[in-house]
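**Q** Before I ask anything, let me first share the structure, which is written out below as structure tokens.
The values are calculated or read from the model by the stated rules, or taken from the named source; none is laboratory data. Every value quoted in this text rests on a predicted model; they were computed, and no experiment measured them. The area values use the complete protein model at the heavy-atom level, side chains included, leaving out ligands, DNA and RNA. Shrake-Rupley method; radii C 1.70, N 1.55, O 1.52, S 1.80 Å.
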Amino acid sequence: MTPRSRLLLILGLAVAIFGGGALALTLVEQSAEPAAVAVDTASGAAIGGPFTLVDARGQTVTDRNFHGKWMLVYFGYTFCPDVCPTTLTNIAQALVQLRSHATDLLPVFITIDPQRDTPKVMGDYVKAFDPRIVGLTGSKAQIAKVAQEYHVYYAKQANSGSGDDYLVDHSSFVYLMSPQGKFAKVMPGSLSAGEMADAIRPFLESTS
Ligand code: NI
């Protein structure tokens, strides 16, 4: 992603997430960039919602399987050359910094590239960062639905490669959801591990 498109994306999503419920925002990327991005929050600024996805063992799971713990949700893909590995490294280090509080937290990495990110690929990938991170994939439709619920933007980069060799632009936010599955907080994926741990800790302490 170019710095310009990344900036537009971050600005757009920040407005979409933090802005009013009636706000409808359209970002139009230029030239050879991916086609227009529309983030429509007219139906309300709520973040999250019910989902049905597939875990690393190929089992169907829903959002209800994760209720009872705080859930830290991040969207990306295993072929991501830079942003995703960095963010997952920070999430893993934040878990270490949260020490015993981390037992109340379930980090979930959801792919926006289900074509290549099979259950096994996801499971092997997240394990390399921290075995506590849960990797989820699903059908194209299941991924599209959950991404829409979290206001996640993603688009295969035009001209980035052919066949199974391509890049996917995607927004990079980390969402904290309550043990009841309600939205609690959104953080930029660029936070350091320490900043992320500090942002999450008060929520975990509030329920322990
Ligand atoms: Ni990424």
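**Q** To the nearest 10 square angstrom, how much accessible area does residue 112 have with a 1.4 angstrom probe?
**A** 10
**Q** Now a separate question. Taking H placed 1.01 Å from N in the peptide plane, check which residues at least 5 places from residue 75 or on another chain put their amide H under 5 Å from its amide H.
**A** 110, 173
**Q** What lysines does residue 69 reach when the alpha-carbon gap must be under 30 Å and sequence neighbours fewer than 8 apart in one chain are set aside?
**A** Once the sequence-local lysines are set aside, what remains near residue 69 is 120, 127, 140, 145, 182, 185.
**Q** Now for a separate question. Rounded to two decimals, what is the ratio between the C-alpha radius of gyration of region 47-206 and 2.2 N^0.38 Å?
**A** So the Cα radius of gyration is 0.97 times the expected 2.2 N^0.38 Å.
**Q** Same structure again: Can you list the residues, at least 5 places off or on another chain, whose amide H is less than 5 Å from the amide H of residue 106, using H built in the peptide plane?
**A** Excluding prolines and chain starts, which carry no amide H, the hits are 70, 71, 72.
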